[in-house]
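Undergrad: This is the structure I have questions about; it appears just below.
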Amino acid sequence: MALCTRLMAESSSPPAQNPPLSWILNRMVDKQEALAHELNAYQFLEEIDLELLGKDNSPRSHTHVVVKILPNSHALILTDAPGDEKARRAAAEAEVKQARRGIETVYSFRKAVPRFHVVLLDREDWHGEPAYHLAFAGKPNEPFRTPLEKLLNHVHGQMHVSARDYSILEAHALLAEPVNVAWFFVRFEHLDFSYAAERIPLGYVPKTVAFRYWVRIPFASRHERQRIHVVDYRLTKPRESPSRP
């Protein structure tokens, strides 16, 4: 809470001219980490829609799961689905785990930001919020240790960041070219991602996270589209008070 309060104070009166890009990015990262901490005191619902797609992008199957996220990220699956209890639970937990990775990706910018070339395009209005419009492109030759880092090297996109408190308001990203991972046994043919926030008393929080990917593995492929809609934010426990010396 102390970190969040400090950031709000620092950014309540932004400079008349655009600040340096590094200044914007540092505060964006700090803000996302503070927000992730603050959300530990909230509960909310994640409505998850998962579609298996054909080669023409048409849906072949659809699964809907509703999950209640309790304080400190404890998840409670609310949806009933056909099948025996054990199989149903395993399938739902797998989908929830994948969805949570999508949400958590939004908060992992501290390590990700240095992997991109970032450009400040403009300062403009985003649904009534003054915002910095940024473009980013992965560095193709950046060293990587994980498949995710290799993918990030080839992702391009744009985002809007609040000029008031440096929250991420909206982001869209796309894999610029197919990428082989896992010793060439797995090939990502397509990957796109989008994120949009909404304002609650706490600040700007996730509203929708959506992504589609098409990955090839030996003798098979998997093509999916997933959309996570986050609703019903409720503060369930007091926020931590700033520590005093």
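Undergrad: Report yes if D80 is out of contact with any strand residue (DSSP E or B) (no Cβ under 9 Å at 6 or more places or on another chain), at pLDDT 55 or above and either surrounded by fewer than 15 Cβ atoms within 10 Å (Cβ to Cβ) or in a loop (DSSP other than H, G, I, E, B) (or both), otherwise no. It would help to see each step written out before you state the result.
TA: Values: out of contact with any strand residue (DSSP E or B) (no Cβ under 9 Å at 6 or more places or on another chain): yes; at pLDDT 55 or above: yes; either surrounded by fewer than 15 Cβ atoms within 10 Å (Cβ to Cβ) or in a loop (DSSP other than H, G, I, E, B) (or both): yes.
Yes; evaluated as a whole, the condition is true for this residue.
Undergrad: If you don't mind, another one. Run down S13, S61 and say which single residue is at pLDDT below 60 and either within 22 Å of the chain's Cα centre (by Cα) or of a type outside the set (F, W, Y) (or both).
TA: Result: S13 is the single residue among S13, S61 that is at pLDDT below 60 and either within 22 Å of the chain's Cα centre (by Cα) or of a type outside the set (F, W, Y) (or both).
Undergrad: When you go through K150, K139, K86 one by one, which is the residue that is over 20 Å from V209 (Cα atoms), modelled with pLDDT under 80 and charged (D, E, K, R)?
TA: K86
Undergrad: Considering each of P218, P143, P201 in turn, give the residue that is touching a helix residue (DSSP H, G or I) at 6+ places or on another chain (Cβ under 9 Å) and of a type outside the set (A, V, I, L, M, F, W, C).
TA: P143
Undergrad: Can you list residue pairs whose Cβ atoms sit under 8 Å apart, with the first residue in the range 122-144 being within 9 Å of V161 (Cα to Cα) and the second being among the basic types (K, R) and part of a loop (DSSP other than H, G, I, E, B)? Count only pairs 6 or more apart in sequence or on different chains.
TA: Going by the 8 Å Cβ cut-off, the qualifying pairs are P130/R164.
The values are calculated or read from the model by the stated rules, or taken from the named source; none is laboratory data. As the structure is a computational prediction, the values presented were derived from the model and not from experiment. With ideal geometry, Cβ positions are generated from the backbone for all residues, glycine too; neighbour counts draw on all protein chains shown.
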